[in-house]
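Notes follow once the structure below has been shown.
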Amino acid sequence: MNILVCISNVPDTTSKINFIENDTSFDTSGVQFVINPNDEFGLTKAVWMKESNKANVTVLTVGDSSVEATLRKCLAIGADKAIRIDCPANDAYSVAKEIEAHCRETNYDLIICGRESIDYNGGLVPGLLAGLLDFNYVTNCVKLEVEGSKATFSREMSGGTEISECQLPLVVGSQKGLVEESDLIIPNMRGIMMARQKPLDVIQAKGINPKTFDKKFSKPEAKSEVKLVKADELDKLIDLLENEAKVI
Amino acid sequence: MAVLVYIESENNQFKKSSYEALSYGKAIANNVGEAVCGVVINCSNTESLNAFGADKIININSSDLTDFSSKKYAYAIAEVMKSENANIIILSSSPDSKYLGSFLSGITDASFVSNVVELPESTNPFIVKRTCFTNKAFSSTELTSEIKIISITSNSFGIIENPNNPKTETIDIKVIDSNQKILSMEKETGSVTIADAEIVVSAGRGLKGPENWKMIESLAETLGAATACSKPVSDMGWRPHSEHVVQTGKPVSSNLYIAIGISGAIQHLAGINSSKVKVVINNDPEAPFFKAADYGVVGDAFEVIPSLIEKLKAR
Ligand SMILES: Cc1cc2nc3c(=O)[nH]c(=O)nc-3n(C[C@H](O)[C@H](O)[C@H](O)COP(=O)(O)OP(=O)(O)OC[C@H]3O[C@@H](n4cnc5c(N)ncnc54)[C@H](O)[C@@H]3O)c2cc1C
Ligand SMILES: Nc1ncnc2c1ncn2[C@@H]1O[C@H](COP(=O)(O)O)[C@@H](O)[C@H]1O
């Protein structure tokens, strides 16, 4: 069984978000990049499936050479092979089209993406990819078992979970729950050494044009000072929420 | 050309986010001078939609669409997009709508922008404002393709009444086959879910232990609110994971977010930034949350909350 895990390389969750060049691009100086947390849950699941399903795990990123450190980390975690499609990740559409082109050349039974990236937050790539390839698709996935060519999975929906099954191929949008945080694999020395020997292929991009463009970034307006209410004057709080904020 | 709004329903009932999507669709349609068409699936009673300005309501009626399926629903909506010659598609941000939306953009080769918070800054070029970097920033994003799909963040635009008398039409569509089928569903009953909630009451490690959540639930019940918690609280198993909000959990975009005994770590704030009004109750006046809140009470939760419940009930 062949599994592809799509990896997005994102600013660490504690990063300060600033913009440069007249607010048209993200200021990466001093920012530490990590594997998108949702993808990391999916990658761990895929690595487990190497044993349970005799799976082969490939990780893939669309991006420039700066993402290779993240891909090496994925190899150290346990992926067998890494691929970088060599072009900037311009928007969800062009990223999904580049991944689609690769998937048409190499057959994957299971494609695992994150539910959403924590930088762009679109939650778009997995669904787009499933639509483009006409694969089955589940997102917000919190449980997954594959037996032969059949997958059984759960997704979180509003107010509950839903359990479904389908035939492979399947695109999964993974999140916490698929594996737990305590399950995440921290690369050890051996993993890191082995990762150096594993293939990291760079393949040429198709050069797909994006369909969306970030024209300008902005930050939320600075909050006006908090209005404090004394603990023994809660009537005032209720009054403010009722008549000033009009939210109760 | 038309603006098409997918109006999600459950058991013949619409959610507030569906009315919001339709209100938004109507406003865009006015801007671009097009008609607005609402599409519902297996929903016979659409009268309550008349208040929100649709020119036409299409009900796709098919026993193959009884259960939600992102794939079947997306293909069905794609048919209506074609027949109505729709170039702008509006969705809510509910989990199901986002689930089918990205798939829909894949099969229609359309551009899709999610988490939109306002009416377009301009419609030619077509530029919308969306949140990004887990709500720490906004992007003004231009959509250049012929067909444009956008999903709007709940509670960002609001519901705007615009009474109209839409033409209603029931159609049957040939639904695509899919080998994906639902085996079972587990619904949390009774409580309000975080995603749909107008008000969220959230508590953190300051509550000391799971046994103290009674008062949080009671406050939530008094306000008709959903309950939520900070990450360590769910990690320690005090509360179920489904309640854990924010950065890598579920972003909250309620009208009112009440944080009790939560310090206000950057990762927590990221997930609740898009909530409109924030109230913090914390006994440490230096807690970072006070910098991010609109209203605050410096006090012991174990005294403030029971008293607040009492006063709210007495209202
Ligand atoms: C990579 C990463 C991702 C993370 N993602 C998330 C995330 O998504 N969501 C999240 O929530 N956290 C996340 N965190 C954790 C985050 O950094 C904080 O540790 C966490 O939010 C703190 O939770 P808390 O506010 O409940 O607890 P604490 O920080 O311990 O705060 C408890 C607060 O309660 C107050 N308090 C104590 N007693 C009382 C009382 N009697 N009455 C009133 N107030 C009282 C204290 O003054 C204090 O401010 C993440 C961390 C990392 C490193
Ligand atoms: N540049 C990229 N290369 C590979 N996969 C990506 C890239 N960007 C996003 N993805 C995948 O798509 C998921 C959702 O991303 P997004 O649509 O940006 O929210 C991520 O969690 C990744 O699995």
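B:SER242 passes every criterion in (1) open to solvent by less than 30 Å² (accessible area, probe 1.4 Å); (2) closer than 30 Å to A:ARG115 by Cα; (3) not in a loop (DSSP other than H, G, I, E, B) apart from (1).
Note on the stretch B:286-302: residues that are assigned to a helix (DSSP H, G or I), over 12 Å from B:ILE260 (Cα atoms) and near ligand 1 (Cβ under 9 Å from one of its atoms) amount to 0. Scanning the stretch A:90-105 for residues that are under 10 Å from A:LEU60 (Cβ atoms) and more than 9 Å from ligand 2 (Cβ to nearest atom) yields a total of 2. State yes or no: is A:TYR120 more than 24 Å from A:TRP48 (Cβ to Cβ), within 13 Å of ligand 2 (Cβ to nearest atom) and surrounded by 22 or more Cβ atoms within 10 Å (Cβ to Cβ)? In short, yes. When A:SER154 is tested against (1) farther than 19 Å from B:LEU104 by Cβ; (2) in contact with a Leu (Cβ under 7 Å, 6 or more places away or on another chain); (3) buried (at least 20 other Cβ atoms within 10 Å of the Cβ), exactly one condition is not met: (2). Within the stretch B:105-131, the set of residues being more than 7 Å from chain A (Cβ to nearest Cβ) and among the hydrophobic types (A, V, I, L, M, F, W, C) comprises B:ALA110, B:VAL116, B:VAL117, B:LEU119, B:PHE126, B:VAL128.
Only residues that are over 20 Å from A:ALA222 (Cβ atoms) and either open to solvent by less than 10 Å² (accessible area, probe 1.4 Å) or away from ligand 1 (no atom under 12 Å from the Cβ) (or both) were counted across the stretch B:263-285, and they come to 1.
Within the stretch A:173-189, is even one residue more than 7 Å from every other protein chain (Cβ to nearest Cβ), under 20 Å from A:LEU75 (Cα atoms) and more than 21 Å from the chain's Cα centre (by Cα)? Yes, the stretch A:173-189 contains at least one residue that is more than 7 Å from every other protein chain (Cβ to nearest Cβ), under 20 Å from A:LEU75 (Cα atoms) and more than 21 Å from the chain's Cα centre (by Cα).
Is there a residue in the stretch A:36-47 that is closer than 17 Å to A:ALA151 by Cβ, of a type in the set (A, V, I, L, M) and surrounded by 17 or more Cβ atoms within 10 Å (Cβ to Cβ)? Steps first, answer last, please.
Step one: filter the stretch A:36-47 for residues closer than 17 Å to A:ALA151 by Cβ, giving A:41-42, A:45-46.
Going one step further and asking which of them are of a type in the set (A, V, I, L, M), we end up with A:46.
Checking the rest, the ones that are also surrounded by 17 or more Cβ atoms within 10 Å (Cβ to Cβ) come to A:46.
Within the stretch A:36-47, one or more residues are closer than 17 Å to A:ALA151 by Cβ, of a type in the set (A, V, I, L, M) and surrounded by 17 or more Cβ atoms within 10 Å (Cβ to Cβ).
On inspection, A:THR14 qualifies as without any contact (Cβ under 8 Å) to a residue 12 or more places away in the chain, within 16 Å of ligand 1 (Cβ to nearest atom) and among the hydroxyl-bearing types (Ser, Thr, Tyr). Counting the residues of the stretch A:96-121 that are touching a Cys at 6+ places or on another chain (Cβ under 8 Å) and within 9 Å of chain B (Cβ to nearest Cβ) gives 3. Of everything listed in (1) open to solvent by 60 Å² or more (accessible area, probe 1.4 Å); (2) at the interface with chain B (Cβ under 8 Å from one of its Cβ atoms); (3) modelled with pLDDT under 95, the single unmet condition for A:PHE213 is (3).
State whether the residues of the stretch A:220-227 include one that is under 30 Å from A:ILE99 (Cα atoms) and either open to solvent by 60 Å² or more (accessible area, probe 1.4 Å) or more than 9 Å from every other protein chain (Cβ to nearest Cβ) (or both). Checking the stretch A:220-227: not a single residue is under 30 Å from A:ILE99 (Cα atoms) and either open to solvent by 60 Å² or more (accessible area, probe 1.4 Å) or more than 9 Å from every other protein chain (Cβ to nearest Cβ) (or both).
With respect to the conditions (1) more than 10 Å from ligand 2 (Cβ to nearest atom); (2) open to solvent by less than 30 Å² (accessible area, probe 1.4 Å), A:CYS87 lacks only one, and its number is (1). Which count do you get for residues in the stretch B:140-166 that are more than 19 Å from B:TYR24 (Cα to Cα) and either among the small types (Gly, Ala, Ser) or more than 8 Å from every other protein chain (Cβ to nearest Cβ) (or both)? Residues flagged as more than 19 Å from B:TYR24 (Cα to Cα) and either among the small types (Gly, Ala, Ser) or more than 8 Å from every other protein chain (Cβ to nearest Cβ) (or both) within the stretch B:140-166 amount to 2.
Only one of these is at the interface with chain A (Cβ under 9 Å from one of its Cβ atoms) and of a type in the set (Ser, Thr, Tyr): B:SER234, B:SER253, B:SER263, B:SER242. Name it.
Working: B:SER234 fails: at the interface with chain A (Cβ under 9 Å from one of its Cβ atoms); B:SER253 fails: at the interface with chain A (Cβ under 9 Å from one of its Cβ atoms); B:SER263 fails: at the interface with chain A (Cβ under 9 Å from one of its Cβ atoms).
None of the other options fit; the residue is B:SER242.
Summed over the stretch B:119-164, the residues that are over 16 Å from the mean Cα position of the chain (by Cα), among the hydroxyl-bearing types (Ser, Thr, Tyr) and assigned to a loop (DSSP other than H, G, I, E, B) give a count of 2.
The values are calculated or read from the model by the stated rules, or taken from the named source; none is laboratory data. Note that the structure is a prediction, hence the values are computed from the model and not measured. Reconstructed Cβ throughout: ideal geometry from the backbone, glycine too, with neighbour counts over all protein chains shown. We work out accessible area using only protein heavy atoms, side chains counted, and drop any ligands, DNA or RNA first. Shrake-Rupley method; radii C 1.70, N 1.55, O 1.52, S 1.80 Å.
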